[in-house]
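A.B. asks: I'd like to ask you about the structure that follows.
The values are calculated or read from the model by the stated rules, or taken from the named source; none is laboratory data. A quick note: this is a predicted structure, and the numbers were derived from the prediction, not measured. Virtual Cβ from ideal backbone geometry, glycine too; neighbours counted across all protein chains shown. We work out accessible area using only protein heavy atoms, side chains counted, and drop any ligands, DNA or RNA first. Shrake-Rupley method; radii C 1.70, N 1.55, O 1.52, S 1.80 Å.
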Amino acid sequence: MFLAVDIGNTQTTLGLFSDGATTDRQWRMATDRTDTSDALHARLYGYFQMLGMRLDDVDEIAIAGVVPLLTQSWQQLARELIGHEPLVVDARRDCGIEVCMPHPDQVGADRIANAVSAVKTYGAPVIVVDFGTATNIDVVDGQGRFRGGAIMPGLLLSANALFQRAAKLSSVPLVAPPHALGDSTETAVQSGLIVGAAVQAEGIVRRIEEELRAEEPTLGKVTVVGTGGFSATIAEATDVFDALDPDITIRGIHEIWQHRAAKRAARQG
């Protein structure tokens, strides 16, 4: 059984795969930078017990992390569980996609996983808008190369900054309002946050697509995919997305592991 670990700044997503390309089980837990490998082991054991599964059945693990110290703790736990080094997704290594950027070492592992999975599922060109702690826009051009994209504050970061700094504004439910023109303080804030995030995504996606087409005039349709915790909410305020795919990052981690395992088997065979 294969375990994919996606360590985000706020949440860590875990996905279990057996034979298929889709997860058998998936769950989330809070990202705690102070977690040791022992603490992670205890939490993971509890999840498996709750599901009526055995942790010993995991024989391969791959990790995509944006929190270096916690990634190291997961690596140590993985060594203890599977008896060898886990795969740690790194844009400087072969992940099955060309990274066409001057500094691949600066690219987050989750962005590479998104790009790999997006190409496999939707083809190229494709843009993934990932609404996490930060909102990442990940771009694959018509030649199937990861080109980078954009990074901006995520919805929760923007909302928390607004509520903390604006004395007369209090926290409101983060749902899409019926109209962009808010007729109360609550709907005005919801418009600014939710519709604002939608319009921001629309604008940046449109500009990126224009730049791709300037480079490649015969470029076909650019598929735009939304993912991340608030993607469904923001999709209510925009038609920019061709698909919503909440599992794209976890699948990408699995697909990168499969790619490297196949290369390893080819060398040995």
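A.B. asks: Are there strands (runs of 3 or more DSSP E) fully within the stretch 1-80 with at least 1 residues that are open to solvent by 40 Å² or more (accessible area, probe 1.4 Å)? List them. Even if it seems obvious, please write down each step before you answer.
C.D. replies: Numbers: elements: 2-7, 11-17, 25-30, 60-65.
Counting at least 1 such residues, we get 11-17, 25-30, 60-65.
A.B. asks: So VAL116 fits all but one of (1) free of Cβ contacts under 8 Å to residues at least 24 places away in the same chain; (2) under 17 Å from the mean Cα position of the chain (by Cα); what number is the exception?
C.D. replies: Result: VAL116 fails condition (1) only.
A.B. asks: If you take the residues in the stretch 204-219 that are aliphatic (A, V, I, L, M) and part of a helix (DSSP H, G or I), which one is surrounded by the fewest Cβ atoms within 10 Å (Cβ to Cβ)?
C.D. replies: Among those residues, the one meeting the criterion is ALA214.
A.B. asks: Right, next: In the stretch 81-104, which residue that is part of a loop (DSSP other than H, G, I, E, B) and more than 22 Å from PHE146 (Cβ to Cβ) is farthest from the chain's Cα centre (by Cα)? Steps first, please.
C.D. replies: At the first step, the residues of the stretch 81-104 found to be part of a loop (DSSP other than H, G, I, E, B) are 83-86, 89-97, 100-103.
Okay, now just the ones that are also more than 22 Å from PHE146 (Cβ to Cβ), so 83-86.
Numbers: GLY83: 27, HIS84: 26, GLU85: 23, PRO86: 19 Å.
Step by step, filter the stretch 81-104, then rank; the result is GLY83.
A.B. asks: Regarding ARG54, is this residue modelled with pLDDT under 95 and over 24 Å from ASP24 (Cβ atoms)?
C.D. replies: Values: modelled with pLDDT under 95: yes; over 24 Å from ASP24 (Cβ atoms): no.
No; evaluated as a whole, the condition is false for this residue.
A.B. asks: Only one residue in ASP183, ASP141 is in contact (Cβ under 8 Å) with a residue 60 or more places away in the chain and charged (D, E, K, R), so which one is that? It would help to see each step written out before you state the result.
C.D. replies: Values: ASP183 fails: in contact (Cβ under 8 Å) with a residue 60 or more places away in the chain.
Sole residue among the options that is in contact (Cβ under 8 Å) with a residue 60 or more places away in the chain and charged (D, E, K, R): ASP141.
A.B. asks: Can you tell which of LEU157, LEU87, LEU162, LEU169 is over 30 Å from TRP257 (Cβ atoms) and either touching a Phe, Trp or Tyr at 6+ places or on another chain (Cβ under 7 Å) or modelled with pLDDT of 95 or more (or both)? Break it down into steps so the answer makes sense when it comes.
C.D. replies: Working: LEU157 fails: either touching a Phe, Trp or Tyr at 6+ places or on another chain (Cβ under 7 Å) or modelled with pLDDT of 95 or more (or both); LEU87 fails: over 30 Å from TRP257 (Cβ atoms); LEU162 fails: either touching a Phe, Trp or Tyr at 6+ places or on another chain (Cβ under 7 Å) or modelled with pLDDT of 95 or more (or both).
LEU169 is the lone residue from the list that is over 30 Å from TRP257 (Cβ atoms) and either touching a Phe, Trp or Tyr at 6+ places or on another chain (Cβ under 7 Å) or modelled with pLDDT of 95 or more (or both).
A.B. asks: Considering the stretch 125-155 alone, what residues qualify as being part of a loop (DSSP other than H, G, I, E, B) and within 16 Å of ARG206 (Cα to Cα)?
C.D. replies: Once the filter is applied, which keeps residues that are part of a loop (DSSP other than H, G, I, E, B) and within 16 Å of ARG206 (Cα to Cα), the stretch 125-155 yields PRO125, ASP141, GLY142.
A.B. asks: Quick one: in the stretch 246-269, of everything that is touching a residue at least 40 places away in the same chain (Cβ under 8 Å) and either basic (Lys, Arg) or not in a helix (DSSP H, G or I) (or both), which residue is least open to solvent (accessible area, probe 1.4 Å)?
C.D. replies: By that ranking, first place goes to ARG251.
A.B. asks: Being farther than 18 Å from ALA235 by Cβ, of a type outside the set (Ser, Thr, Tyr) and loosely packed, with under 14 Cβ neighbours inside 10 Å is the filter here; which residues of the stretch 164-189 pass it?
C.D. replies: Within the stretch 164-189, the first condition is being farther than 18 Å from ALA235 by Cβ, and the residues that meet it are 164-172, 181-189.
Going one step further and asking which of them are of a type outside the set (Ser, Thr, Tyr), we end up with 164-169, 172, 181-183, 186, 188-189.
Of everything in the stretch 164-189, those that are farther than 18 Å from ALA235 by Cβ, of a type outside the set (Ser, Thr, Tyr) and loosely packed, with under 14 Cβ neighbours inside 10 Å turn out to be GLN164, ARG165, ALA166, ALA167, LYS168, LEU181, ASP183.
A.B. asks: Can you name the residue in the stretch 91-134 that is among the hydroxyl-bearing types (Ser, Thr, Tyr), open to solvent by 20 Å² or more (accessible area, probe 1.4 Å) and at pLDDT 95 or above and, of all such residues, is farthest from GLU211 (Cα to Cα)? Full working, then the answer.
C.D. replies: From the stretch 91-134, those among the hydroxyl-bearing types (Ser, Thr, Tyr) are 117, 121-122, 133; that's our starting set.
Filter once more, so that each one left must be open to solvent by 20 Å² or more (accessible area, probe 1.4 Å): 121-122, 133.
Of the ones still in play, those that are also at pLDDT 95 or above are 121-122.
Details: THR121: 23, TYR122: 20 Å.
Here the answer is THR121.
A.B. asks: Can you spot a residue in the stretch 180-202 that is among the β-branched types (Val, Ile, Thr) and assigned to a loop (DSSP other than H, G, I, E, B)?
C.D. replies: The first filter runs over the stretch 180-202 and keeps only residues among the β-branched types (Val, Ile, Thr), leaving 185, 187, 189, 194-195, 199.
Retained after the next criterion (residues that are assigned to a loop (DSSP other than H, G, I, E, B)): none.
No, because not a single residue in the stretch 180-202 is among the β-branched types (Val, Ile, Thr) and assigned to a loop (DSSP other than H, G, I, E, B).
A.B. asks: Moving on. Suppose we filter ALA150, ALA243, ALA201, ALA197 for residues that are open to solvent by less than 50 Å² (accessible area, probe 1.4 Å), farther than 30 Å from ARG93 by Cα and either touching a Phe, Trp or Tyr at 6+ places or on another chain (Cβ under 8 Å) or among the small types (Gly, Ala, Ser) (or both); which single one remains? Working first, answer last.
C.D. replies: Details: ALA150 fails: farther than 30 Å from ARG93 by Cα; ALA243 fails: farther than 30 Å from ARG93 by Cα; ALA201 fails: farther than 30 Å from ARG93 by Cα.
Sole residue among the options that is open to solvent by less than 50 Å² (accessible area, probe 1.4 Å), farther than 30 Å from ARG93 by Cα and either touching a Phe, Trp or Tyr at 6+ places or on another chain (Cβ under 8 Å) or among the small types (Gly, Ala, Ser) (or both): ALA197.
A.B. asks: Would you mind telling me which numbered condition in (1) open to solvent by 70 Å² or more (accessible area, probe 1.4 Å); (2) assigned to a helix (DSSP H, G or I); (3) among the polar types (S, T, N, Q) SER158 fails?
C.D. replies: If we test SER158 against (1) open to solvent by 70 Å² or more (accessible area, probe 1.4 Å); (2) assigned to a helix (DSSP H, G or I); (3) among the polar types (S, T, N, Q), just (1) comes out false.
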